[in-house]
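Report on the following structure.
The values are calculated or read from the model by the stated rules, or taken from the named source; none is laboratory data. As the structure is a computational prediction, the values presented were derived from the model and not from experiment. As a convention, Cβ positions derive from the backbone with ideal geometry for all residues, glycine included, and neighbour counts pool all protein chains shown. Surface areas here come from the heavy atoms of the whole protein model, side chains and all, with no ligands, DNA or RNA. Shrake-Rupley method; radii C 1.70, N 1.55, O 1.52, S 1.80 Å.
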Amino acid sequence: MTASPLLCDTALIFGRYARQTLRSKFQILFGVLMPLLYLLFFGPLLTGMPLASRGSSWQILVPGLLLQLGLFGASFAGFSIIIENSWGVVERMRVTPVSRLALLLGRVLRDAALFVFQAVLLVLAALVMGLRAPLAGILIGFAFVAVLALSLASLSYALAMKVRTPQGFGPAVNALTMPSMLLSGLMLPMTLAPAWLNVLSHFMPFRYLVDAVRSAYLGAYATPTVLYGALVAAGFAVLAVTVGTRVFRTAGA
């Protein structure tokens with residue numbers, strides 16, 4: 001398939017799900033509620049604590065909350081495709097000439113756009129509460145949120161296509177997201193943890209994304225930390241989209 005039909009198919013699928021999202025204002029705002037609660041009730045506890053060699057505690061907390069938004073929101077995106085499966089929507093789409101890659105990309109790009117919008121709302125609230133970060137660092141943070149959302153949504157849809165029931169999907173996602181949050185240092189840097197826990201966290205890929213965004217929020221862009229984070233994010237995205245496309249192509253065959 002050439003690039004042009006793929007782009008047209010992806011735009012068609014993206015438009016369908018984007019219109020659904022725009023009709024549900026509750027979905028747009030509810031997803032940012034949990035990070036906002038952390039920002040309002042957990043953030044003030046960190047004010048004045050020496051969490052970074054320079055900058056403020058907000059520059060440590062907010063990047064973690066941004067990636068928490070992508071982690072939890074995108075990981076549960078598969079619930080929607082379970083409902084569509086039960087209604088036969090996915091099967092009807094799969095018998096059309098639309099490519100399997102476009103069926104996936106249209107969905108995950110909608111998810112990425114949604115979570116970036118929610119990230120903007122979160123950062124605006126953080127600025128009101130005292131966050132001070134360079135514009136370039138904030139934009140880099142949005143880019144990481146988009147890539148993480150795209151990756152995790154792809155894997156979430158793939159898992160949902162295999163599991164097919166909410167009773168199996170929910171516990172499986174929880175079993176993966178909770179250790180990811182705790183070992184990635186979303187709330188506090190893992191350098192504050194005991195040595196064994198800090199070493200263990202290096203096997204969690206999300207840690208590199210969190211560290212990269214925190215470095216960007218401190219104004220340090222051309223650093224190994226940002227480079228490692230970008231490489232891990234890109235590799236994870238390629239792997240996730242590949243897995244998701246293969247599942248869309250073979251599930252139910």
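Descriptive notes on the structure:
- So residue 151, is it of a type in the set (S, T, N, Q), over 14 Å from residue 79 (Cβ atoms) and open to solvent by less than 30 Å² (accessible area, probe 1.4 Å): yes
- Among the residues of region 216-226, the ones that are assigned to a helix (DSSP H, G or I), surrounded by fewer than 24 Cβ atoms within 10 Å (Cβ to Cβ) and touching a residue at least 12 places away in the same chain (Cβ under 8 Å) come to 2 in all.
- Residue in region 233-252 that is on the phi > 0 side of the Ramachandran plot, among the small types (Gly, Ala, Ser) and part of a loop (DSSP other than H, G, I, E, B) present: yes
- Subset of region 25-42 [free of Cβ contacts under 8 Å to residues at least 24 places away in the same chain and either more than 17 Å from residue 116 (Cβ to Cβ) or surrounded by fewer than 11 Cβ atoms within 10 Å (Cβ to Cβ) (or both)]: 25, 26, 33, 37, 41
- Residue check for residue 157: modelled with pLDDT of 90 or more, crowded, with 18+ Cβ neighbours inside 10 Å, of a type outside the set (Gly, Ala, Ser) and farther than 21 Å from residue 239 by Cα: no
- Residue in region 183-198 that is free of Cβ contacts under 8 Å to residues at least 60 places away in the same chain and of a type in the set (Val, Ile, Thr) present: yes
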